[in-house]
């Protein structure tokens, strides 16, 4: 999970900057904590990619009513939970509007003229009621929670002038909960605004509508607010409580996002690109180009980090290039539903394998075998240690530069490296004992 910080202006009319702390607790699920200093605001925003196969929407069954959002999150093992509809506080927890949980409509949870709702089918086709009339439940709806005021619909938004139509509930800043849809219904947006915590007071209804519009919502609905407003992410409550009600409130129903890793078809791929050694945190390569055989590409950040959120499961080739370095490729088997790590080290372009003093991708030591004192050209780093007699350069008969197979370097994991092969006088008629000792010494150094 990567974390990022963003500085944003809440609106053109609000010059104060807010700090967004953004995390991705689950693939396709983004959580943002927005904090503004003046006037003080604490806002919690979750966006959910409804097209992901791992994601499901779940609302409360009638038999599950009267739980806190944290309790309901634990009950259904939810990725995200917010409180749902306004309700009767006499202990019955009767909701004000439509309520359907796991395909089961509530007997006392029907739509009314004073309510709106959000309803979703099993395949996550979600609808926000934008009418002012009573709507009968569709048999295809598996989950539904009611709300009060419509905040946004195409071509319309709840404005400041409309706040006076609903008295103190709208004109006074309070804690708020809202739900919205954007990207043609492919993205669900859940918002909780903290309040009643001096100096964190909350938002008016018109301000809540403006917030949802700024988040890109094409439709949005107000859910129950005040002391009911609560957001739970990955089992932990992230929203603060009102000063007058520090304990989490039990509510009628809830809207939850579930995440099933076993349904995933893609995984994330991430790693670091560094110079020489993937474990050397002091040698990041920023701005390196990272491309996949699937056609996806990105560049590394200042820390040499790269990531791909959506990579199809299976084998993929990762290729990394950067100016001044040799291009490197490696293969990774991507597992769906999890983070898959693949870090890659690059070598400088002026130190290609097979030249100079045996420098290459690994850290092995070249050991030419034969007569003479050679430079030991090969894939590894190190100087040749001659076995035999004479002072000529190279291997074999004492002339020329050493070649290749002896000075191999370590690969990424040290596996599948070729064993040293004796050369020069180690052929037929050569010195068998010297050849054996030299080969064993080279093998031992290569594996060390």
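Quick look at the numbers
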{"read-out": "Output for the stretch 187-201, where each listed residue is over 30 Å from residue 124 (Cβ atoms) and touching a helix residue (DSSP H, G or I) at 6+ places or on another chain (Cβ under 9 Å)", "value": "195, 196"}
{"read-out": "Answer residue from the stretch 336-355, given it is more than 22 Å from residue 279 (Cα to Cα) and surrounded by 15 or more Cβ atoms within 10 Å (Cβ to Cβ) and is modelled with the highest pLDDT among those", "value": "336"}
{"read-out": "Residue within the stretch 275-284 that is touching a strand residue (DSSP E or B) at 6+ places or on another chain (Cβ under 7 Å), farther than 28 Å from residue 95 by Cα, part of a strand (DSSP E or B) and in contact (Cβ under 8 Å) with a residue 24 or more places away in the chain present", "value": "yes"}
{"read-out": "Verdict on residue 151 being more than 16 Å from residue 60 (Cα to Cα) and in contact with a helix residue (DSSP H, G or I) (Cβ under 8 Å, 6 or more places away or on another chain)", "value": "yes"}
{"read-out": "Answer residue from the stretch 214-236, given it is on the phi > 0 side of the Ramachandran plot and assigned to a loop (DSSP other than H, G, I, E, B) and is nearest to the chain's Cα centre (by Cα) among those", "value": "234"}
{"read-out": "Filter result (in contact with a helix residue (DSSP H, G or I) (Cβ under 8 Å, 6 or more places away or on another chain) and without any contact (Cβ under 8 Å) to a residue 60 or more places away in the chain) within the stretch 202-235", "value": "204, 205, 206, 216"}
{"read-out": "Hey, residue 320 outside any loop (DSSP other than H, G, I, E, B), modelled with pLDDT of 95 or more, farther than 30 Å from residue 223 by Cβ and not assigned by TED's automatic domain parsing to the domain that holds residue 109 or not", "value": "yes"}
{"read-out": "Any chance residue 109 is in contact with a helix residue (DSSP H, G or I) (Cβ under 9 Å, 6 or more places away or on another chain), part of a loop (DSSP other than H, G, I, E, B) and assigned by TED's automatic domain parsing to the domain that holds residue 255", "value": "yes"}
{"read-out": "Residue 268 out of contact with any helix residue (DSSP H, G or I) (no Cβ under 7 Å at 6 or more places or on another chain), within 20 Å of residue 312 (Cα to Cα) and buried (at least 17 other Cβ atoms within 10 Å of the Cβ)", "value": "yes"}
{"read-out": "For residue 74: the one exception among (1) in contact with a strand residue (DSSP E or B) (Cβ under 8 Å, 6 or more places away or on another chain); (2) within 13 Å of residue 257 (Cα to Cα); (3) touching a residue at least 60 places away in the same chain (Cβ under 8 Å)", "value": "(1)"}
{"read-out": "Answer from 239, 247 - the residue that is modelled with pLDDT of 95 or more and either in contact with a strand residue (DSSP E or B) (Cβ under 6 Å, 6 or more places away or on another chain) or part of a helix (DSSP H, G or I) (or both)", "value": "239"}
{"read-out": "Selection within the stretch 176-185 - outside any strand (DSSP E or B) and touching a strand residue (DSSP E or B) at 6+ places or on another chain (Cβ under 7 Å)", "value": "185"}
{"read-out": "Search result, residues across the stretch 69-106 that are touching a helix residue (DSSP H, G or I) at 6+ places or on another chain (Cβ under 6 Å) and more than 9 Å from residue 254 (Cβ to Cβ)", "value": "106"}
{"read-out": "Every residue from the stretch 23-43 that is part of a strand (DSSP E or B), out of contact with any helix residue (DSSP H, G or I) (no Cβ under 8 Å at 6 or more places or on another chain) and more than 27 Å from residue 308 (Cβ to Cβ)", "value": "35, 36, 41, 42"}
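Yes/no matrix, rows are residues, columns are (1) closer than 17 Å to residue 258 by Cα; (2) at pLDDT 95 or above; (3) surrounded by 21 or more Cβ atoms within 10 Å (Cβ to Cβ):
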| residue | (1), (2), (3) |
| --- | --- |
| 9 | no, no, no |
| 32 | no, yes, no |
| 44 | no, yes, yes |
| 70 | yes, yes, no |
| 81 | yes, yes, yes |
| 95 | no, yes, yes |
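The values are calculated or read from the model by the stated rules, or taken from the named source; none is laboratory data. It should be emphasised that the depicted structure is a prediction, and the values quoted were computed from it without experimental measurement. All Cβ positions, glycine included, derive from the backbone under ideal geometry; neighbour counts span all protein chains shown.
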